[in-house]
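Enquirer: My questions will all concern the structure given below.
Readers should treat all values here as calculations from the given coordinates under stated rules, not as data from a laboratory. Bear in mind that the values here come from a model prediction, so they are computed numbers and not experimental data. Note that we place each Cβ from the backbone using ideal geometry, even for glycine, and neighbour counts take in every protein chain shown.
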Amino acid sequence: MPQNFYELVWIFIIYAFIGWCTEVSYAALDTGKFVNRGFLNGPYCPIYGCGVVIVVTILTPLKDNLLILFVGSFFLTSVLEFITGFILERVFHNKWWDYSDKPINIKGYVCLKFSIYWGLACTFIMDILHPMIYKGITLLPYVVGVVLLVIFMGVFVVDCCITVSTILKFNKRLKVMDEMAVKIHRLSDEIGVNIYENVTGVIEKSEEFQENHAELLDKLSDTKEDIMELPAAAKDKIMETAEAAKDKIADTAESAKLTISENVMEAKNELAAKAAAITEKNAEWKKNQDAKKKEWEELVAEYNKMFAQKNAGFKRILKAFPDMKSLNQNETLQKYKNYFNIKQKIGNEKKNN
């Protein structure tokens, strides 16, 4: 049983380091390479240190009864793991481990299998390991111990600040990239829709132009036929009215010619106006498309560039927590995992904290 705050802090530091060694050893056996499995950058896992401190402080008077020691360790570590997972998720909006695929779990934070493991581990620590470690703490010169604790805790606090800052920056980047991805998809859809509408419009205008053109040709043809018929009709009139009929035919022919000229000019002007309107609309559409395409290309370039910006801390966290899930930007988080070639282990059997 720790007698003072000095001994309590030493117990926390020592078991946080032992917990980190345990996690790293498991990762080495599982993956064949070194992986820093701690929440922090340094060689310590705070949840292990906190867990042993709680168990030692509360259960030392009951250590002679193995059953009570196991049951107490089982519940205390389960409560700690649940609270830790809950707080981390609420604070950082990420689920760092998930036991949802395990039988008898509570919201994925704890499960029966690992609670039993923690209970057995703490029973072993209390009966076998802790007496030796505690004796080593009491044999260490007090002044030396205080100096070492100040150094260790100073590094620990700095590490906590750096890690929290890294996670907050990572979440902020995930949010920005997620917003960019949505905008990229929207621009892509708009470009596709505009192309479809423009092509359809061109086809419709072409069909309308052909119909109008055919109609104008028919009108011109009818007018020409009318003119061609004029001389025959005029001959009949000439036989009856002579010189007056000739004058009338001349006037009628001249009037018909003027009408044809006016119709042709009007048709040309109408076609020219429509052609100019179509050209102007196409130019405006092309300008709009070019602007959207440029914006899309800039967004894609910036989106891809963000993957390569200051990724050391992000990569370490994702390696330590390969099954981590984001509550708000999980799709972007999965893209980051693919970028770093981090293989997610479904049903991960180790809690990475």
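Enquirer: Kindly provide the Kirkwood hydrodynamic radius of the stretch 25-79 in Å, to one decimal, from all pairs of distinct alpha carbon atoms.
Expert: Details: mean 1/r = 0.0762 Å⁻¹.
With all distinct Cα pairs of the stretch 25-79 included, I get 13.1 Å.
Enquirer: Describe numerically, in nm with one decimal, the distance between label points set 7 Å from Cα along Cα→Cβ at Ile278 and at Asn65.
Expert: The modelled label-to-label distance comes out at 9.5 nm.
Enquirer: Rounded if a/c is under 1.5, else prolate if a/b beats b/c, else oblate: with a ≥ b ≥ c from the C-alpha gyration tensor eigenvalues square-rooted, which is the stretch 78-146? Don't jump to the answer; show the numbers that get you there.
Expert: Working: a/c = 5.15, a/b = 1.81, b/c = 2.85.
Oblate, because a/c is 1.5 or more while a/b does not exceed b/c.
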